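Since the structure comes first, as structure tokens, the remarks are kept for the end.
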Amino acid sequence: MRMRLAESTSTPKSRVDLRGGLITHIRRAKQPAGFTLIEVSIATAVAAVAMVGLMLVLMAASSVARKAADDTLQSVIVQELFSEVRSRPFTAVWVANASGAPLAPAVDLSSFSSNYASLYFDPNGNRVDAGPQYFKCSITFAPMELTGQLAMVKFEFVEPAHSLNPIITNIFYGRIVRKDLP
């Protein structure tokens with residue numbers, strides 16, 4: 001049977017274990033639990049750098065997503081405008097404004113070569129004459145051959161609509177063939 005021995009008074013740094021072994025203890029100064037100010041400062045700085053990097057990535061992703069959405073919307077608008085132009089007679093082409101009226105007088109594509117007009121669109125792709133104008137689309141017609149049977153249409157988008165130095169410009173080209181001749 002083992003007996004518990006009391007701590008020895010002669011050696012304050014050691015005591016006897018229940019199992020009979022000698023365990024030495026080194027006295028240390030009591031340290032408070034927690035982190036030092038330097039550790040907290042470094043952790044905060046690392047977290048701040050990580051958050052700034054994350055915010056930059058999110059802003060870049062948001063910008064790219066908005067640009068992709070704008071490009072897609074402009075493509076849809078161009079398809080609608082091109083269909084509208086192709087639905088008119090080759091010698092009397094015109095484009096409608098927001099209210100459906102001709103934006104400018106009808107032109108003969110076999111001889112007209114110039115800027116036709118500009119249309120304005122809101123952020124949803126709707127034609128607008130007044131109010132929030134997000135896109136500006138300039139339309140240009142030009143004959144492509146001497147016989148007057150083929151014309152080129154250029155749709156140039158600028159955003160923001162009223163900017164001397166546009167942020168983004170997309171240009172779409174299309175051809176129209178005259179089909180009303182035998």
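Quick notes
- Residue match in region 103-115 (condition: touching a Leu at 6+ places or on another chain (Cβ under 7 Å) and part of a loop (DSSP other than H, G, I, E, B)): yes
- Only one of the listed residues (Ala29, Ala33, Ala98) is part of a loop (DSSP other than H, G, I, E, B), modelled with pLDDT under 90 and either in contact with a strand residue (DSSP E or B) (Cβ under 8 Å, 6 or more places away or on another chain) or not small (Gly, Ala, Ser) (or both). That residue is Ala98.
- Residues that are under 30 Å from Ala142 (Cα atoms) and hydrophobic (A, V, I, L, M, F, W, C) within region 42-90 comprise Ala68, Ala69, Leu73, Val76, Ile77, Val78, Leu81, Phe82, Val85, Phe90, listed in sequence order.
- Qualifying positions in region 140-160 - of a type in the set (A, V, I, L, M, F, W, C) and at pLDDT below 80: Leu146
- Here Asp70 meets each of (1) at pLDDT 95 or above; (2) within 15 Å of the chain's Cα centre (by Cα) with one exception, condition (1).
- Residue list for region 133-182, restricted to those being touching a residue at least 60 places away in the same chain (Cβ under 8 Å) and either polar (S, T, N, Q) or more than 20 Å from Gln79 (Cβ to Cβ) (or both): Asn170, Arg178, Asp180
- Entry remark, region 42-75: residues being surrounded by 11 or more Cβ atoms within 10 Å (Cβ to Cβ), under 30 Å from Met152 (Cα atoms) and hydrophobic (A, V, I, L, M, F, W, C) number 2 in total.
The values are calculated or read from the model by the stated rules, or taken from the named source; none is laboratory data. Since the model is a prediction, treat every value here as computed from it, not as a measurement. Every residue, glycine among them, receives a Cβ derived from its backbone with ideal geometry; neighbour counts consider all protein chains shown.
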